[in-house]
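Take this structure first; my questions come after.
A short reminder: the numbers here are calculations on the coordinates, not readings from a lab. This one's a predicted model, so the numbers in the text were calculated from it and none came from an experiment. Note: ideal-geometry Cβ built from the backbone for every residue, glycine included; neighbour counts use all protein chains shown.
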Amino acid sequence: MRKSLGAALALGFVTIATTALAQTATVQDARVTLVDRAGKGFSAQWYTGNASYQTNSRTTFRAGGTPTSFDYIKAGMNVRVTSHLEGQTPVVDDVVFVQ
C-alpha cells in the first residue's frame, strides 16, 4: 500500500512538473509601436496582429550578436520576440533587434 501510494504521488509530481516546463515559446517578427519605460514593457505590431509584451529580469536583449538592455528599445525598431504566456500576459524571453 505504501509503495503504490508513493509511486502515485511521484507520478503526480512528475506530471505537474512536466506540464509546467512545457510552456510553448512563440517567436514573432514585429515592429515596436510603443515603449513603456516605467513598466518595462512594449507593444509591437506584425502583419496580422499586435501584442503588448512584458519583460522581466530574465529577458535577454541582443542587437546583432551583442548583448544589450531594455534601454536600447525604441518605437519603430524591428524585433524578433520570443515569448511565453503567464496567464494571459505575453512575457518576453528574448528580443533580437533586426535591421
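Tally time: how many residues in segment 24-42 are surrounded by 12 or more Cβ atoms within 10 Å (Cβ to Cβ) and out of contact with any Phe, Trp or Tyr (no Cβ under 7 Å at 6 or more places or on another chain)?
Filtering segment 24-42 down to residues surrounded by 12 or more Cβ atoms within 10 Å (Cβ to Cβ) leaves 26, 28-36, 40-42.
Applying the additional criterion that residues be out of contact with any Phe, Trp or Tyr (no Cβ under 7 Å at 6 or more places or on another chain) yields 26, 31, 33.
So the count comes out to 3.
Which count do you get for residues in segment 45-69 that are within 14 Å of HIS84 (Cα to Cα) and exposed (fewer than 13 other Cβ atoms within 10 Å of the Cβ)? Quick ask: steps written out before the conclusion?
First, pick out the residues of segment 45-69 that are within 14 Å of HIS84 (Cα to Cα): 51-56, 58-60.
Then keep just the ones that are exposed (fewer than 13 other Cβ atoms within 10 Å of the Cβ); that gives 56, 58.
Residues in segment 45-69 being within 14 Å of HIS84 (Cα to Cα) and exposed (fewer than 13 other Cβ atoms within 10 Å of the Cβ): 2 in total.
I need a count of the residues in segment 40-85 that are out of contact with any strand residue (DSSP E or B) (no Cβ under 8 Å at 6 or more places or on another chain) and either in a strand (DSSP E or B) or of a type in the set (Val, Ile, Thr) (or both). It would help to see each step written out before you state the result.
Within segment 40-85, the first condition is being out of contact with any strand residue (DSSP E or B) (no Cβ under 8 Å at 6 or more places or on another chain), and the residues that meet it are 47-49, 57, 65-66, 71.
From what's left, either in a strand (DSSP E or B) or of a type in the set (Val, Ile, Thr) (or both): 48-49, 66.
Adding up the residues that qualify gives 3.
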